[in-house]
Number of protein chains: 4
Amino acid sequence: MPKTMRAAQLVAYNQPLEIREVEVPQPQGEAVLVKIGGSGLCHSDLHLMHAEIPMLPYLPFTMGHENAGWVEAVGEQVQGFAPGDPVAVFGGWSTKPDRFTWLGEEQLTDVTKWVGIGQPGGYAEYLLVPTYRYLLPLEGLQPVEAAPLTDAGLTPYRALKKLLPDLYPGSTVVIIGVGGLGQFGVQYARALTPSCTVVAIDVDENKLRIARDLGADETINSRQADPVERIKAMTGGEGAQGIVDFVGADTTMQQAYQMAGRQAKVVFVGLAGGSFPFGTRLLNEATFTTSSWGTLAELSEVLALARKGVAKPHIQRVRFEEMNQAFEDLAHGRIEGRAVLVP
Amino acid sequence: MPKTMRAAQLVAYNQPLEIREVEVPQPQGEAVLVKIGGSGLCHSDLHLMHAEIPMLPYLPFTMGHENAGWVEAVGEQVQGFAPGDPVAVFGGWSTKPDRFTWLGEEQLTDVTKWVGIGQPGGYAEYLLVPTYRYLLPLEGLQPVEAAPLTDAGLTPYRALKKLLPDLYPGSTVVIIGVGGLGQFGVQYARALTPSCTVVAIDVDENKLRIARDLGADETINSRQADPVERIKAMTGGEGAQGIVDFVGADTTMQQAYQMAGRQAKVVFVGLAGGSFPFGTRLLNEATFTTSSWGTLAELSEVLALARKGVAKPHIQRVRFEEMNQAFEDLAHGRIEGRAVLVP
Amino acid sequence: MPKTMRAAQLVAYNQPLEIREVEVPQPQGEAVLVKIGGSGLCHSDLHLMHAEIPMLPYLPFTMGHENAGWVEAVGEQVQGFAPGDPVAVFGGWSTKPDRFTWLGEEQLTDVTKWVGIGQPGGYAEYLLVPTYRYLLPLEGLQPVEAAPLTDAGLTPYRALKKLLPDLYPGSTVVIIGVGGLGQFGVQYARALTPSCTVVAIDVDENKLRIARDLGADETINSRQADPVERIKAMTGGEGAQGIVDFVGADTTMQQAYQMAGRQAKVVFVGLAGGSFPFGTRLLNEATFTTSSWGTLAELSEVLALARKGVAKPHIQRVRFEEMNQAFEDLAHGRIEGRAVLVP
Amino acid sequence: MPKTMRAAQLVAYNQPLEIREVEVPQPQGEAVLVKIGGSGLCHSDLHLMHAEIPMLPYLPFTMGHENAGWVEAVGEQVQGFAPGDPVAVFGGWSTKPDRFTWLGEEQLTDVTKWVGIGQPGGYAEYLLVPTYRYLLPLEGLQPVEAAPLTDAGLTPYRALKKLLPDLYPGSTVVIIGVGGLGQFGVQYARALTPSCTVVAIDVDENKLRIARDLGADETINSRQADPVERIKAMTGGEGAQGIVDFVGADTTMQQAYQMAGRQAKVVFVGLAGGSFPFGTRLLNEATFTTSSWGTLAELSEVLALARKGVAKPHIQRVRFEEMNQAFEDLAHGRIEGRAVLVP
């Protein structure tokens, strides 16, 4: 195990990442050192880099919250993992045991301790994971393909799972926004729901075509037609039973609110910063909630789906030297699928 | 069975009810004629009388949607009920079988067919109930005490039941608004939740005193303290796990939104016409919904609670001749508990 | 509407059905007369005919509990159905409103009132349905294909639905017995579960081949291998998360008990009369229950699945004159799929 | 921190415990050393001591799985706990992360690693807890009263919680066996269920009197009356909706099976080694399961109930020198409430 490693660090806000030589942390107790096989580049990193989401605890800081790789070294209390084991890293870390930790919902406990956001992340050759309990065996998946599943694949999965108890054969599921997460959303809607009609809504014909390829039964271009009217028409006036909004703008949130049928479930995932006026005139008992990342159990289910060929993202491999260009491309919508650092 | 009966009818909007002699309907098929023992005067009748909720199908019209009494006569297909049987009348009628009817949620199917709103109601000596399936045996309760349970007692019950799966010993339940429905809400919170801390919020010290008498552990006068801050302080910063807003004004809805803890359930029942901006910044997975009346099964549970001494409303008996005065009193907040017509 | 009609009636136990001319009942109130388009021949009829299930209320009696056809005439209180409408008939009738009726689980209320078992059924030209609330619009399905869905298609659907809350991607679902109901079971497991591994168990290689054709991932011939050991081996020692036993013999029930993983759900549907010793040594919190027919809402979901091409049974049309031969064939396992009377 | 401590160890099967001087373990990484304030004597220890449950990994061995005390020393990775903090110790330890660990159900993962059964327990002055994640702050409770809550209080709590989704006001809950765990069961049924009728069944009049004192509405002495008939009579023939059998003998299990109403939930907790024939004749969709210890979240709820005065056990303090006598008394039913070692 080397003493130092390369890491792509944010040294100042609104500046490119710098490749710096930093110390390799040593795993003690339950901790595990993971050699990064892939670390996904995520849109929310852009918000962190530009201080729009002012959460980084200090600078220089190593971001990277979508990680997978191989166990490099283990602390003396680690059980069940040995050097060389390929693993995915669950990232919703916390240090404060509370009810949500006890229930396996640790990602809801302390956002300031998440990997790559509150603690050093995977844009480096090695990542220190505080406990082996955050690791999942890959069992046949490659680290580079597993990395983006830990967030881009996991977040829409949790959102879709929230719909399942309210769906039934013949009911209608709507995916609003068919970007990176929404494409997973369409695939999950197809794979997880019981013979529902899956409808995808977007403003981009190319994305709607992808949605159809991924299994959407119907698509609506919301620039060309009122999606609320279209959904009402498709459902005999009832509205949809399950809706996930992967955009989160004023418009899409208002549409989701209005197209929800009786006792429908509506989940908002997108972070475009929108809102809508929630009133009581609409007494149809539809339910509205948000969804935040996912659990270890849910990540294990996402990996199982990937092994069955559901939820295979298109991967673009990136070297340290290419990261700033890749973030530039990401900011301008020029990345197909997911860019993943392969150190 | 007499040919005609007295009924208190709305003859013109914004006019007092008139006591008129009308035909007694004859029950056929599955229908049952019920001799009214009590028909509750409800605040929403005021909205109907003043055309603020423009739902009455024609005039003159007999309102009255909280009904109980005795079976007077039965159609030839009626099973299990005989003249003289004391019964409560479920009021969320519909004529259109659909998924919600099949699931026992008929009150969600067709609001235009509800008793006393879309079809003639109980402000009369007799009420025609279209099927014996809408009747529940009273089994020891008096019709005059059962009548207000069918709406004023049922609506808050359904709202509180929506909270139950998310509560646990030591969690906090908040009742906003301790009027007629909110007082049931406090009692149900006390009786149904598993050793939760029950907090009542109102602007009226007298109502807060009643809330404490009914079992609230804590009360907050929202004129004197910020209820959001108080709830956060009581819960170590977490927020409440269950909230029912029986007011539904902009202020209370916004407060409910802000005091909701992680994965909390918030139910809006009050119809004051408010709204709040639902955004995605608050990613704590709290869930927001509305609640509308209740089911037959839920009404049977309310009657069971009443038999056990939970949910006993204070009743003020009213004769036909006193109804207009009673509605006047109701409009000005001068009714303690519930006014019930006893024809 | 004719005064008399042909009906295939049981006149004496252990005798062939007789085709007799009987009166056509007249629908009154909420009742509907349905012209039979198809009435499925069911194995349980054999038990009734041989007095093994001694439930027929009188003789001569018209059996037939899987019915679909067209509305012929309606009582004066019927809403939303008119002569000529193609309909499926829900069969779990009851006359006693109770909690299960209120909850839309009427089939659990009074087995002695089920159509074709406690009240005259569909082995006739016309069937009197006591209320239009038991009818579902066919919306594109043919009566002859819809008829067997009302029991043979519905019963396994309800059983499979009981598993769903406990399944997750990568978990294992076991169908024991791939006869008529089990074949629906395999199809539902394939269509409804979220990327689970579907395993079918039978003693007949031909049926296991059908199971694979219908989507089973794995099959086990329990004559050739110990299915408990095989399931344990497939699941890393854990056992299956969902099991439906469509046989219900001592052996299969014991196997289901032993192959159940932690917190698994096991549903017994088959009526072979078996049992197994349920002990407390196995403290893995697996849950065991039975499943009985299905609800109106579930039947509507089965019809939705049939419209999407899931759950299409192989139909063998039978005329009145061929019914006794068809029952003979049914008794000897010579019917492929479902035999349906087309009067 | 001393180098050695006293521990009551099992040196040979069927022999009294010996008080021996053993090494004090040193906490490293996430581990915590707890100074024992109370360690409950449990009936299952008798089974271990007599090799009836052959699970001890080696001898001499320190049993004791109901533990509470004060943090004495912490490993270098411990967060949120400091020496002197009063804590309860969750005991369902495991070292193998799997789905149940991820879901906060770690006690279901590896029984061979439970404290006091597979790893050294609390019959000593100090206990090494492998991670601070197993600790709950006492917040006002005394260690000696909290200790028995971690098993004797927790196990019946989890069993009762399994009933809750199936109960409603007016439904009937049955507790079979009013010994130590059953007494908690009666208290939980009273505190957690929504105005249900709570019925306790035992063969001992004294225990039935205690049950009434703890809030049972009805009691049945099953030596004097057939409890199945009595429950059926109390419930209009329906049967109970929730049943917990704290005995687990052939007789009680058979009774629980027979007194279960439609869709009832029956939970078996008692380990008397009984069984009953589970058949398919009873098609009422009642559900049967077992319950095993409890989760960290559930333990936190039990502590919350204790703080509110529910679930306060009668405690008999025992010194090291009195332990063998106390186990003797326990074996012969001479302990009132719970005996707790106070070192």
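The values are calculated or read from the model by the stated rules, or taken from the named source; none is laboratory data. From a predicted model like this one, the values you see are computed outputs, not experimental measurements. FYI the Cβ positions are ideal-geometry reconstructions off the backbone, even for glycines, and counts take in every protein chain you see. Ligands, DNA and RNA are stripped out before the accessible areas are found, and what is left, the full protein with its side chains, is counted by its heavy atoms. Shrake-Rupley method; radii C 1.70, N 1.55, O 1.52, S 1.80 Å.
General remarks:
- Test: residue in segment D:137-144 that is within 14 Å of another protein chain (Cβ to nearest Cβ) and of a type in the set (S, T, N, Q): no
- Residue in segment D:55-69 that is crowded, with 18+ Cβ neighbours inside 10 Å, hydrophobic (A, V, I, L, M, F, W, C) and over 23 Å from D:L154 (Cα atoms) present: yes
- Inside segment A:289-336, residues that are away from chain C (no Cβ under 14 Å), open to solvent by 50 Å² or more (accessible area, probe 1.4 Å) and either among the charged types (D, E, K, R) or not in a helix (DSSP H, G or I) (or both) make up a count of 11.
- Against the criterion of being buried (at least 24 other Cβ atoms within 10 Å of the Cβ), touching a helix residue (DSSP H, G or I) at 6+ places or on another chain (Cβ under 6 Å), closer than 16 Å to A:K265 by Cα and within 12 Å of another protein chain (Cβ to nearest Cβ), A:Y168 does not qualify.
- When each of C:Y134, C:Y123, C:Y168 is tested for being modelled with pLDDT of 95 or more and assigned by TED's automatic domain parsing to the domain that holds C:A286, the lone residue that passes is C:Y168.
- Here the condition is being open to solvent by less than 40 Å² (accessible area, probe 1.4 Å) and more than 22 Å from C:E301 (Cβ to Cβ); of A:L163, A:L208, it holds for A:L208 alone.
- In segment B:83-98, the residue that is surrounded by the most Cβ atoms within 10 Å (Cβ to Cβ) out of those that are more than 14 Å from every other protein chain (Cβ to nearest Cβ) and out of contact with any Gly (no Cβ under 8 Å at 6 or more places or on another chain) is B:P83.
- Inter-residue pairs, beta-carbon under 7 Å, first more than 26 Å from B:L167 (Cα to Cα) and in segment D:191-207, second of a type in the set (D, E, K, R), 6+ apart: D:V203/D:R223
- Number of the exception - D:E105 against (1) open to solvent by 10 Å² or more (accessible area, probe 1.4 Å); (2) closer than 26 Å to D:I19 by Cβ; (3) in contact (Cβ under 8 Å) with a residue 24 or more places away in the chain; (4) not small (G, A, S): (2)
- Enumerated strands (runs of 3 or more DSSP E) restricted to segment A:117-194, each holding at least 2 residues that are closer than 30 Å to A:H50 by Cα: A:126-129, A:172-176
- Subset of segment D:243-259 (residues that are farther than 29 Å from D:L149 by Cβ and either facing chain C (nearest Cβ under 7 Å) or aliphatic (A, V, I, L, M) (or both)): D:M259
- Restricted to segment B:195-227, and to residues there that are in a loop (DSSP other than H, G, I, E, B) and within 14 Å of chain D (Cβ to nearest Cβ), the residue that is modelled with the lowest pLDDT is B:S195.
- Note on segment B:20-54: residues that are over 27 Å from C:Q79 (Cα atoms), open to solvent by 80 Å² or more (accessible area, probe 1.4 Å) and either out of contact with any Leu (no Cβ under 8 Å at 6 or more places or on another chain) or among the acidic types (D, E) (or both) total 3.
Each row is one residue, and each column tells you yes or no for (1) at pLDDT below 95; (2) assigned by TED's automatic domain parsing to the domain that holds A:T193.
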residue: A:V267; (1), (2): no, yes
residue: A:L282; (1), (2): yes, yes
residue: A:G309; (1), (2): yes, no
residue: A:A326; (1), (2): no, no
residue: A:H332; (1), (2): yes, no
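- Annotation note: of B:V115, B:V87, the sole residue that is out of contact with any strand residue (DSSP E or B) (no Cβ under 6 Å at 6 or more places or on another chain) and modelled with pLDDT of 95 or more is B:V115.
- Condition check for D:H65: under 18 Å from the mean Cα position of the chain (by Cα) and in contact (Cβ under 8 Å) with a residue 24 or more places away in the chain: yes
- Some residue of segment C:211-221 being among the polar types (S, T, N, Q) and surrounded by 24 or more Cβ atoms within 10 Å (Cβ to Cβ): no
- Residues in segment D:99-114 that are within 9 Å of chain A (Cβ to nearest Cβ) and not in a helix (DSSP H, G or I): D:L103, D:G104, D:E105.
- If the condition is being open to solvent by 20 Å² or more (accessible area, probe 1.4 Å) and either touching a residue at least 24 places away in the same chain (Cβ under 8 Å) or under 19 Å from C:L163 (Cα atoms) (or both), then segment C:231-249 contributes C:K232, C:M234, C:T235, C:E238, C:F246, C:V247, C:A249.
- Failed item in (1) within 22 Å of the chain's Cα centre (by Cα); (2) at pLDDT below 95, with C:A159 passing the rest: (2)
- Enumeration of residues in segment A:262-288 that are more than 7 Å from every other protein chain (Cβ to nearest Cβ), open to solvent by 10 Å² or more (accessible area, probe 1.4 Å), on the phi < 0 side of the Ramachandran plot and not in a loop (DSSP other than H, G, I, E, B): A:K265
- Residue in segment C:276-288 that is farther than 30 Å from D:E52 by Cβ and in contact (Cβ under 8 Å) with a residue 24 or more places away in the chain present: no
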